[in-house]
1. Counting only GluC sites (Glu not before Pro) that sit in a DSSP loop (anything but H, G, I, E, B) with at most 13 other Cβ atoms within 10 Å, what is the longest stretch of the chain containing none of them?
2. Would you please give the residues with an amide H less than 5 Å from that of Ala82, counting only those at least 5 places away or on a separate chain, with H modeled from the backbone geometry?
3. Within 10 Å, Cβ to Cβ, of Glu208, how many net charges do the neighbouring residues add up to if Lys/Arg are +1 and Asp/Glu are -1?
4. Calculated from DSSP H runs of 4 or more alone, at -39500 (n - 2.57) each and per residue, what is the 222 nm mean residue ellipticity of the chain, nearest 500?
5. Work through the residues other than Ala40 whose Cβ is under 14 Å from its Cβ and net out their charges, Lys, Arg +1 and Asp, Glu -1.
6. In the range 27-181, what percentage of the DSSP-assigned beta bridges are antiparallel, given to the nearest 5?
7. List, in the order given, every pair from Lys211/Lys264; Lys126/Lys245; Lys15/Lys73 whose Cα-Cα distance in the structure shown is over 22 Å.
8. Could you give me the ³J(HN,Hα) list for the range 99-110, computed from phi with Karplus coefficients 6.51, -1.76, 1.60 and θ = phi - 60°, whole Hz, x at Gly and Pro?
Amino acid sequence: MSLKNQMNDIVRHFKVIQSYPQLKNIPVIIGESDPEGCAACGMATNPENAYRNGTMYSSYEAASFARHYELAKQYGINLTGAVTWAFEFENQPWFYGFRDLATNGVDKPVLNVFRMLGMMNGEWVKAESDHQYSLQQVLDSSVRGAQTDVGVMASKNTNSAAVMLWNYHDADIKGDTTDVSISINNIPAKKIKLTQYRIDDAHSNAYEVWKKIGSPQDPMAEQIATLEKAGQLQQINETETLSTKDRSTQMRIALPRQAVTLLKLSWQ
């Protein structure tokens, strides 16, 4: 993968918009915001497109969408949305590597990133990570250093907040888990409810379940039901109540490589 290719393509288009004063503040939607161009190229002709089935794609999208908003802020663009150019492929093999959000009606991990993003309501708020690649690093050399991109973005609404974290690298390698310390500040309540959602090999991932049951191309009804359930966004652990101190709370999570987590906070 190469995160910098897509981000530099966005930069070129943002510069064009910026060059026309009459387009200032015009709402902008990126209509095909994807890592590469051939949606209909499956694994038979393009083996490298196997990444679309699993957590490589979902972690890439989390890392890339965060940079969409960074670039919009840098170039003064009124970015109102970005969409994937995904398709529905009828009567095709299971998990064939097409750019689709589901295969034979079973949701892929990448769809769950968009579900997470849809739960980030309200306004974007400041979020920083000391293990996140800077925007300039991504534009210059992508995410190919010794460490992974452990990044964060956050939003806040009247009685809720959401924090998304990801662990991404351009190299499609499953590796070590990163221990992440999280501090959330300016919480206007003494107690909050915390719900955590996760995309990794064990959660929100029908592809890994499909492989475990033998990669069937003609699954039985019971297997299909299992895959449909595995394809949904999954909560890890029970929703818990936390106390805040000085309007803040701290927590630690273990974030595997290629995983994405959404922390959903709510209060009265």
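1. On the way: sites that count: Glu32, Glu88, Glu90, Glu128.
The longest such stretch corresponds to 129-268.
2. Ile30
3. Once positives and negatives cancel, what remains is 0.
4. -8000 deg cm²/dmol
5. So the surrounding residues net to -4.
6. Numbers: 13 of 17 bridges.
About 75 percent, rounded to the nearest 5.
7. Those over the limit are Lys211/Lys264.
8. 7, 9, 8, 8, 10, 6, x, 9, 5, 8, x, 4
Laboratory data are not the source of any read-out in this text; all were calculated from the coordinates shown. In this text, all values refer to a predicted model and were calculated from it rather than measured experimentally. Here the Cβ is made from the backbone with ideal geometry for all residues, glycine too, and neighbour counts use every protein chain on show.
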